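Data block below; observations after.
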Amino acid sequence: MKKLLAILLALALIGISPVAYSATPKIGQACSQTGKRVVVAKVALVCQTASKAQQKKIKSRLAWAKYVAPKPKPVLAPKSPISGSASFAAVDECRIQDNSQFFTRSGFPQHPQMKRASSKLVVQLIYIDFSDVVATGKPSDDKTFWTDGVSKFLADMSNGVVNFEWRTTETYSRMSKKLADYRVTRTAGGSTVPLVQEAIALADKQIDFTGVDFVVAVLPPNTPRELSDVSPALMLSSSDPFKTDEGRVYRATLVGGDMRFPEGHLLLTHEFGHLLGLNDYYWYGWKPGMVYEDQFKFMGNFDNMNFAPGNSREWTAWSRWIIEFLPDSKVLCAREGVEATAQLDAVSKVGTAPQLLVIRTSSTEAIAVESRRNTRHDSKASSASNGLLVYKIDSKIMNGQGPLRIVRKPGSVDALFSDAPLKVGESLVVGSWKISNIESGADWDVAKIEPVR
């Protein structure tokens, strides 16, 4: 006891007060053992070096702080053996045929009129208003919402292959009739072609259409949805195109009242997908009053060409491949009856590694496997959507009837298929093939395909 009193007296003489340690640790209080962890009221605390200001305040080098678990280091390369090129066929063998005469297709080849002449797409925005829907601002107040949103999405979908030149009229052109008289609603059933052609004729007096690939007629931001709730892609034949003083334009769409919401640019992106040659993947048979999710019963939340503002909106790798947004170098084609493993980078990742594994099952049908992550444009998706997405393609199935259809894994129940992708250790059987996820990294999965004997 005398020895302890002597130590305390010595500390007092040199100006150091003994540290009092609380029986119940609290954040910011002094502690005595570096790295010690405790749980108080369901909150994990750790004893660690305090800041200099804190040390001075509590007269201790160590203090309790909230414990934050270190993030696991990402696995940079798979440990699983990956099959070499000899295990795969030439990619041409997986180009299933699409023999339809339509502009949009789900297989190969693209319609000749839809093929890009170069990596640059020239888009002409034509701003128009009406006596019953008068514009209250300027085109310059509105255009970046469309140009930035669409450009970013499609540049990412093409891994930088496609870029845009946007041209725009500087003022609104007044159309000859009231908007209501054009009948551009689902219930009225009017054609949007005459409206776009008139917009082109008005703009032709002030702009040069040379080199234009797409025309977009843009209605005022204050356009009521009840007067314009449909903004379809318009693909005209070479025998009956949109006419300009500088020549012909074959592809157009419009921005109507249905696109005026915070993510409306995703609807315009969807229409551009059609102008590039892609089909609709949602169900045309859906009608108001039916279960909402049923309109997406083939692809759920996945692909902007299915559910335009869906949480997993990144285009599927198949969509990209058939319009030359995904190069052949990033596609693997399975050999008939040959087991193989493949590392697939997530479709939302930029890089040069394979992103699509295709199993051809007939001249018009195939199975596709790709890796998904809730990153980039899929950032709103839950982690349940991460993993290997498996879907079937049948180019004989018509637009709007499910040419692409996700294959659910056992136990998948989510109405929008968010839980459909295969996690590590999971597998499913499609026809005569078993498909498994045998390993995952931060932005890739390893797919194993095995013929079912």
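Please give the net charge around THR136, taking every other residue with its beta carbon less than 11 angstrom from that of THR136, where Lys and Arg add +1 and Asp and Glu add -1. Charge balance near THR136 sits at -2.
Checking the Cα-Cα distances for LYS73/LYS380; LYS115/LYS396; LYS138/LYS297 against a 29 Å cut-off, the pairs over it are LYS138/LYS297. Sparse packing (at most 12 other Cβ atoms within 10 Å of the Cβ) combined with a DSSP loop state is found for none of the trypsin sites (Lys or Arg not before Pro) in the range 226-308.
For the cross-link pairs LYS143/LYS177; LYS26/LYS59; LYS26/LYS52, the ones whose C-alpha atoms lie over 22 Å apart are LYS143/LYS177. Phi-derived couplings, Karplus 6.51 cos²θ - 1.76 cosθ + 1.60 at θ = phi - 60°, listed residue by residue for the range 429-438: 10, 10, x, 9, 10, 9, 10, 10, 9, 9 Hz, with x used for Gly and Pro. The label-point distance for GLU339 and GLN401, in a model that sets each label 7 Å from Cα toward Cβ, rounds to 3.9 nm. For the chain, the Cβ-based charge dipole about the Cα centre amounts to some 3220 debye (Lys, Arg positive; Asp, Glu negative; other atoms uncharged). The long axis of helix 265-275 is offset from the longest Cα principal axis of the chain by roughly 50 degrees. For the Cα atoms of the chain, what angle does the longest principal axis make with the long axis of helix 143-157, in degrees from 0 to 90, nearest 10? For helix 143-157, the angle is close to 80 degrees. For the range 46-151, the relative contact order works out to 11 percent when only alpha carbon pairs closer than 8 Å and six or more residues apart are counted. In the chain, the longest principal axis of the Cα atoms and the axis of helix 2-13 are about 60 degrees apart. When the helices of the chain are scored as -39500 (n - 2.57) per DSSP H run of n ≥ 4 and the total is divided over every residue, the value at 222 nm lands at -4000 deg cm²/dmol. A convex hull fitted around the alpha carbon atoms of the range 16-66 yields 65 Å³ per residue.
Just check the range 144-287 against the gyration tensor rule for me: Cα atoms, a ≥ b ≥ c as the square roots of the eigenvalues, rounded for a/c under 1.5, and otherwise prolate or oblate depending on whether a/b exceeds b/c. Because its axes are fairly even, with a/c under 1.5, the range 144-287 counts as rounded. Cross-link partners for LYS205 among the aspartates and glutamates, with Cα-Cα distance under 12 Å and sequence neighbours closer than 8 places in the same chain left out: ASP245, GLU246.
Can you give the local net charge around LYS243? Use residues other than it whose beta-carbon is closer than 12 angstrom to its beta-carbon, Lys and Arg +1, Asp and Glu -1.
-4
Length gained on full extension, ASP204 to SER432: 76.4 nm, using 0.36 nm per residue less the C-alpha separation. The overall shape of the range 314-423 is rounded: from the C-alpha gyration tensor, with semi-axes ordered a ≥ b ≥ c, the ratio a/c is less than 1.5.
Residues of the range 175-200 with backbone nitrogen within less than 20 Å of a virtual label 7 Å along the Cα-to-Cβ line of ASP245, please, listed as ranges. Residues 175-176, 196-200 fall inside that zone. Go through ALA366, THR147, ASN386 and say which Cα lies farthest out towards the positive end of the charge dipole of the chain; charges sit on Cβ, +1 for Lys and Arg, -1 for Asp and Glu. The residue sitting farthest along the positive end of the dipole is ASN386. Within the chain, the longest run free of GluC sites (Glu not before Pro) that sit in a DSSP loop with at most 14 other Cβ atoms within 10 Å is 1-169. Overall size of the chain from C-alpha positions, given as principal axis extents largest first: 109, 66, 43 Å.
Readers should treat all values here as calculations from the given coordinates under stated rules, not as data from a laboratory. As the structure is a computational prediction, the values presented were derived from the model and not from experiment. Cβ coordinates were reconstructed from backbone atoms using ideal geometry, including for glycine residues, and neighbour counts include every protein chain displayed.
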